[in-house]
Amino acid sequence: MIVIKNLTTTIYGKSLFQDMSIIVHQGQKIGIIGPNGCGKSTLLKIIAGHIKPDQGSVSLDKEIVGYLPQQIEADEQNTLEDYLELHAHPQGWVLLGKLALDDIDLTQNIHSLSGGQKTRLALIKTLYANPTVLLMDEPTNNLDSNGIEWLESFIQQFPGSVLIVSHDRAFLNATVSRIVEFDPVNNRIEEYRGNYDGYLAERDARRAQWEKNYELQQREKRRLEQWLALKRQEASIFVDPAKGRQVRMMEKRIQREIYDKAIAKPTDNKIMKRSRFSGNAHSGKLLLRVLSLSKSFDGHPLFRDISFEIRGHDRYHIAGSNGTGKSSLLKIIMGQTNSDNGTIEHGENVRVGYFSQENDTLDTTKTILDEIMKSNTSLTLEKARAVLGSFLFPADDIYKTIGSLSFGERVRLSFAKLMQKEHDLLILDEPTNHLDIPSREAIEHALEQYQGGILVVSHDRYFLKQLGELVECELENGKLKGSGMII
């Protein structure tokens with residue numbers, strides 16, 4: 001059992017949480033959600049003992065804690081064998097097999113691994129201590145679909161407690177039975193039973209009841225205050241001790257029933273305003289045709305003889321394991337990387353918008369304001385400020401350089417740029433990476449309303465579900481398999 005009592009923490013002068021108390025019972029699987037910067041990762045670090053709170057306590061009651069951070073903590077030049085310290089931890093050999101890494105070359109350097117492989121290696125080291133509690137911070141980042149499914153199964157079978165900070169809604173649905181939500185605007189920590197879908201239903205019901213109770217109290221407050229004002233006026237005109245007693249009794253009643261039990265007005269978290277992607281490709285219009293495309297790296301074939309086309313309002317999802325070439329395919333289509341063979345043809349006057357998961361379309365030396373102004377030369381300074389504000393960039397931040405931004409901020413800026421022009425086709429490479437749930441929902445809504453074609457690479461199953469009917473294709477063993485787009 002973990003008992004968190006009256007926890008208060010401030011980071012760089014910003015209060016993250018005050019007097020927070022949570023109990024984690026043995027074997028519970030808990031998802032921790034909330035907007036970026038609200039203190040979710042900080043809470044895990046406090047439980048792990050990496051950070052001390054300003055006030056409060058964390059009692060672990062003989063629990064052994066294993067902490068899996070967002071980024072692997074290792075010298076990128078170390079070999080896998082050095083990182084795992086297999087000579088000192090022979091159980092690592094067994095864990096390599098359990099985590100489907102028994103065929104990996106242990107002499108290669110850490111930097112050569114995929115993000116999913118790094119996550120599994122970090123988990124192996126975490127399991128050396130035989131933890132009874134796992135703390136996992138965004139564990140699905142960089143995992144492909146197979147990796148996510150494997151991690152879901154691992155968590156479901158893990159006998160101890162698990163606390164997961166994640167924005168992956170489908171992953172939370174599959175792994176947790178309790179949600180803890182950080183609500184920094186209303187200064188609340190709310191707990192919900194069930195997975196993410198259960199949380200959504202209960203959250204909406206609680207919010208509706210909260211708003212109803214607030215309105216009822218405000219109505220009663222106005223009624224009592226109007227009655228009190230009238231009696232005060234009467235008492236000032238007529239000398240009557242009874243009226244004075246009525247006034248004093250009503251003052252006490254209002255204090256007791258209204259002021260002492262005041263219900264705070266529900267306030268929404270500051271989220272990205274719902275914007276829209278402009279563009280409207282007519283049905284049947286050729287947007288993109290790829291013929292006999294092949295690509296190799298260092299003499300090793302990545303994919304070969306790929307052919308497909310996209311028309312009108314078609315929406316296609318390309319799936320595949322890490323390293324199969326999905327991002328490389330999109331970069332070749334966008335002219336950022338050369339192919340070995342094949343041709344790429346765009347329809348007449350087709351305007352293509354591209355989102356890169358590396359956000360390498362941003363100039364890190366420019367300011368936020370310069371970058372958005374460059375995306376649309378017709379923007380006035382006032383309009384540019386309004387656009388950036390709707391993407392959660394306050395006035396004080398617009399002169400920051402892009403190189404100083406977090407990954408989530410860069411993603412929001414990339415979308416702000418993308419929405420400044422009309423596009424007939426959107427090509428999106430892992431567009432929800434690093435976004436919190438409210439921001440993902442805003443992007444999903446914009447894409448739902450979009451009237452052009454979409455070609456998307458994503459492992460975010462919840463996001464893909466919101467896009468409506470998709471043609472599913474998979475890049476596997478160098479071939480693109482699927483239906484509808486293949487020619």
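The values are calculated or read from the model by the stated rules, or taken from the named source; none is laboratory data. Treat the numbers as computed from the prediction; the structure is a model and nothing was measured. Every residue, glycine among them, receives a Cβ derived from its backbone with ideal geometry; neighbour counts consider all protein chains shown. Side chains are part of the model used for accessible areas, which takes the heavy atoms of the whole protein and leaves out ligands, DNA and RNA. Shrake-Rupley method; radii C 1.70, N 1.55, O 1.52, S 1.80 Å.
Points to keep in mind about this one:
- Packing order of peptides 402-408, 223-229, highest average first: 402-408, 223-229 (average count of other Cβ atoms within 10 Å over each peptide's residues).
- Calculated [222 nm] ellipticity per residue, helices only, for the chain: -10500 deg cm²/dmol; basis is -39500 (n - 2.57) per DSSP H run with n ≥ 4, divided by all residues, nearest 500.
- Computed over the chain: relative contact order in percent, which uses C-alpha pairs under 8 Å that are six or more apart: 15 percent
- Test item: Cα-centred dipole of the chain, Lys/Arg +1 and Asp/Glu -1 on Cβ, debye: 2580 debye
- Here the translational diffusion coefficient of segment 1-137 follows from Stokes-Einstein with Rh set to the Kirkwood radius across Cα pairs; for 37 °C and 0.692 mPa s it amounts to 197 µm²/s.
- For segment 264-335, the residue among Ala264, Ser296, Ser321 whose Cα projects farthest onto the positive side of the dipole built from Cβ charges is Ala264.
- Carbon/sulfur fraction of accessible area - segment 329-404, other protein chains in place, 1.4 Å, %: 45 percent
- A crude spin-label estimate for the pair Thr343 and Gln255, with each label 7 Å from Cα along the Cβ direction, gives 8.7 nm.
- Per atom type, segment 116-160 shows carbon and sulfur on 43% of its accessible surface, probed at 1.4 Å.
- Label selected from (1) 25, 59, 17, 0; (2) 19, 47, 26, 7, 2, 0; (3) 22, 56, 21, 0, the criterion being P(r) over Cα pairs in 20 Å bins from 0, in percent as computed here: (2)
- Think of the chain as a dipole: +1 on every Lys or Arg Cβ, -1 on every Asp or Glu Cβ, centred on the Cα centre; then among Gln336, Ser390, Ile51, Ser390 lies furthest on the positive end.
- FRET efficiency, 1/(1 + (r/R0)^6) with R0 60 Å, evaluated for Trp227 and Ala395 via beta carbons: 0.85
- Mean shadow area of segment 91-224 over all directions, Cα convex hull, nm²: 10.7 nm²
- Peptide packing for 251-263, 464-476 was compared via the average number of neighbouring C-beta atoms within 10 Å per residue; ordered from the highest value, the list is 464-476, 251-263.
- Annotation note: GluC sites (Glu not before Pro) in segment 392-452 located in DSSP loop regions with a Cβ neighbour count of at most 16 within 10 Å are absent.
- Assigned charges on the beta-carbon of Lys, Arg, Asp, Glu; segment 120-205 dipole about Cα centre (debye): 320 debye
- Using a probe of 1.4 angstrom and keeping all protein chains present, the accessible surface of the chain works out to 49 square angstrom per residue.
- Gyration tensor verdict on segment 378-448 (Cα atoms; rounded if a/c is under 1.5, prolate if a/b is larger than b/c, oblate otherwise): oblate
- Taking only the Cα atoms of segment 16-58, the radius of gyration and Dmax are 10.9, 28 Å.
- Electrostatic dipole magnitude of segment 1-64 [Cβ: Lys, Arg +1; Asp, Glu -1; Cα centre; debye, to 20]: 140 debye
- For segment 247-380, the spread of Cα positions along the three principal axes, ordered from largest to smallest, is 90, 39, 38 Å.
- Separation of the Glu81 and Thr107 label points, Cα + 7 Å toward Cβ, nm: 0.8 nm
- With a cut-off of 14 Å between beta carbons, the residues surrounding Asp144 carry a summed charge of -4, where Lys and Arg count +1 and Asp and Glu -1.
- Normalised by the number of residues in segment 1-66, the average gap of Cα pairs under 8 Å and 6 or more apart makes the relative contact order 44 percent.
- Sites Thr367 and Arg193, calculated FRET efficiency, Cβ-Cβ separation with R0 45 Å, nearest 0.05: 0.45
- Calculated over segment 338-487: convex hull of Cα atoms, volume per residue (Å³): 147 Å³
- Counting only DSSP beta bridges with both residues in the chain, the antiparallel share comes to about 50 percent.
- Each Cα pair under 8 Å and six or more residues apart adds its sequence gap; the mean of these over the residue count of segment 95-183 is a relative contact order of 28 percent.
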